[in-house]
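Participant: Let me begin by handing over the structure; questions about it come next.
The values are calculated or read from the model by the stated rules, or taken from the named source; none is laboratory data. Predicted model, so just to flag it, every value in this text is computed and none were measured. No Cβ is skipped: glycine too gets one built from the backbone with ideal geometry, and neighbour counts run over all protein chains shown. Accessible surface is based on the protein model in full, side chains and every heavy atom, while ligands, DNA and RNA are left aside. Shrake-Rupley method; radii C 1.70, N 1.55, O 1.52, S 1.80 Å.
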Amino acid sequence: QIIGALDVQSTRPGAFTEDDANTLGILADQIAIAIENTRLFGQIQSTLTEVQSLYRQDIATSWAKFAQDEGVVGYHKSLTESKLINQAVDTDEIRQTMNRGSISVFNADRQRTESILVVPVKLRGQVIGVLNIKASKNEHQWSFDEIGLAEVISERLALALENARLLQDSQNRAAKEQAISEITTKISGSINMRNILQTAVEELGHALPGSEVIIEFEQKNGNVE
């Protein structure tokens with residue numbers, strides 16, 4: 001496939017020999033390969049960027065669903081108590097850190113009474129939460145070691161949380177598959193239509209407590225299809 005031309009000219013008649021033509025042909029082939037490699041690299045980079053974006057969206061969606069299903073969005077630890085929290089803490093410092101995706105350091109000064117360190121919890125580049133740390137003393141100044149320690153803990157925390165979520169998701173899927181298998185086995189053991197329908201309704205009722213289950217055939221012109 002021709003993608004262009006290598007045009008070499010000389011002011012002298014008959015300046016190019018057959019060897020020169022062969023050399024220029026090889027050079028043209030090498031240029032074509034370089035151009036094609038550049039084009040392919042651009043395509044790969046574009047595809048990689050798109051995949052990474054979709055992957056981050058999937059992570060964000062999975063964690064949002066997980067928090068909703070569990071009814072827990074975090075954990076609070078103070079000098080006097082430790083407890084799960086089911087409503088997100090919303091502050092200017094947290095929003096700023098979530099939007100930027102980088103650590104925020106707030107030392108106490110004339111305008112600020114509290115020293116706060118907000119560290120994003122990032123998984124594969126996607127922010128899934130924050131560590132919001134308040135110093136016990138208002139005049140505290142965060143050191144490089146403290147900031148570095150918080151960042152390392154944030155990285156380890158993200159991996160541990162994701163492993164726990166994936167494990168729980170896997171266990172939920174296994175339990176669901178087991179329930180489906182047990183119901184299917186009981187339904188398959190029935191030998192007539194009435195028993196099959198009754199077994200299916202009863203087993204679904206056991207699997208989904210408090211639910212009302214109806215099985216109905218599609219009907220056309222008054223006849224069962």
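Participant: For the subset of the range 46-60 comprising residues that are open to solvent by 90 Å² or more (accessible area, probe 1.4 Å) and not acidic (Asp, Glu), which member is farthest from ALA164 (Cα to Cα)?
Facilitator: LEU54
Participant: Based on this model, can you work out whether ALA179 counts as of a type outside the set (S, T, N, Q), free of Cβ contacts under 8 Å to residues at least 24 places away in the same chain, within 30 Å of GLU203 (Cβ to Cβ) and assigned to a helix (DSSP H, G or I)?
Facilitator: The answer is no for ALA179.
Participant: So which of GLN30, GLN43, GLN87 ends up being open to solvent by 90 Å² or more (accessible area, probe 1.4 Å), of a type in the set (S, T, N, Q) and either part of a loop (DSSP other than H, G, I, E, B) or touching a helix residue (DSSP H, G or I) at 6+ places or on another chain (Cβ under 9 Å) (or both)?
Facilitator: GLN87
Participant: Would you confirm whether or not the range 159-178 contains a residue that is loosely packed, with under 12 Cβ neighbours inside 10 Å, more than 30 Å from SER102 (Cα to Cα) and hydroxyl-bearing (Ser, Thr, Tyr)?
Facilitator: yes
Participant: Okay, next question. From the set of residues in the range 64-120 that are basic (Lys, Arg) and closer than 20 Å to ARG165 by Cα, which is modelled with the lowest pLDDT?
Facilitator: Our first condition is that a residue be basic (Lys, Arg); within the range 64-120, this holds for 65, 77, 83, 95, 100, 110, 112.
This time we only want the ones that are closer than 20 Å to ARG165 by Cα, so: 65, 83.
On the way: LYS65: 79, LYS83: 87.
So the residue we want is LYS65.
Participant: If you go through the range 102-154, how many residues are open to solvent by 70 Å² or more (accessible area, probe 1.4 Å), more than 30 Å from VAL51 (Cβ to Cβ) and in contact with a Phe, Trp or Tyr (Cβ under 8 Å, 6 or more places away or on another chain)?
Facilitator: Qualifying residue count, the range 102-154: 1.
Participant: Sticking with this one: Out of the residues in the range 65-84 that are assigned to a helix (DSSP H, G or I) and open to solvent by 60 Å² or more (accessible area, probe 1.4 Å), state the one that is farthest from ASP169 (Cα to Cα).
Facilitator: Filtering the range 65-84 for residues that are assigned to a helix (DSSP H, G or I) and open to solvent by 60 Å² or more (accessible area, probe 1.4 Å), the one farthest from ASP169 (Cα to Cα) comes out as GLN68.
Participant: Another question, then. Assess whether ILE196 counts as being of a type in the set (Val, Ile, Thr), surrounded by 14 or more Cβ atoms within 10 Å (Cβ to Cβ) and not in a helix (DSSP H, G or I).
Facilitator: No: the conditions fail for ILE196.
Participant: Looking only at the range 4-27, which residues are open to solvent by 70 Å² or more (accessible area, probe 1.4 Å), part of a loop (DSSP other than H, G, I, E, B) and of a type outside the set (Phe, Trp, Tyr)?
Facilitator: ALA5, LEU6, ASP7, GLN9, THR11, ARG12, PRO13, GLY14, THR17
Participant: Another one. Before we move on, is ARG12 of a type in the set (Lys, Arg) and more than 50 Å from the chain's Cα centre (by Cα)? Please lay out each step first, then the result.
Facilitator: Values: of a type in the set (Lys, Arg): yes; more than 50 Å from the chain's Cα centre (by Cα): yes.
Yes.
Participant: Condition first: among the hydrophobic types (A, V, I, L, M, F, W, C) and farther than 17 Å from VAL119 by Cβ. Now tell me which residues in the range 149-167 satisfy that.
Facilitator: Listed by number, the residues that qualify are ALA164, LEU166, LEU167.
Participant: Same structure again: Restricting to the range 135-150, count the residues that are modelled with pLDDT of 90 or more and touching a strand residue (DSSP E or B) at 6+ places or on another chain (Cβ under 6 Å).
Facilitator: Of the residues in that region, 1 qualify.
Participant: State which residue is farthest from the chain's Cα centre (by Cα) when the search covers only the range 90-101 and only residues that are open to solvent by 100 Å² or more (accessible area, probe 1.4 Å) and among the acidic types (Asp, Glu).
Facilitator: ASP92
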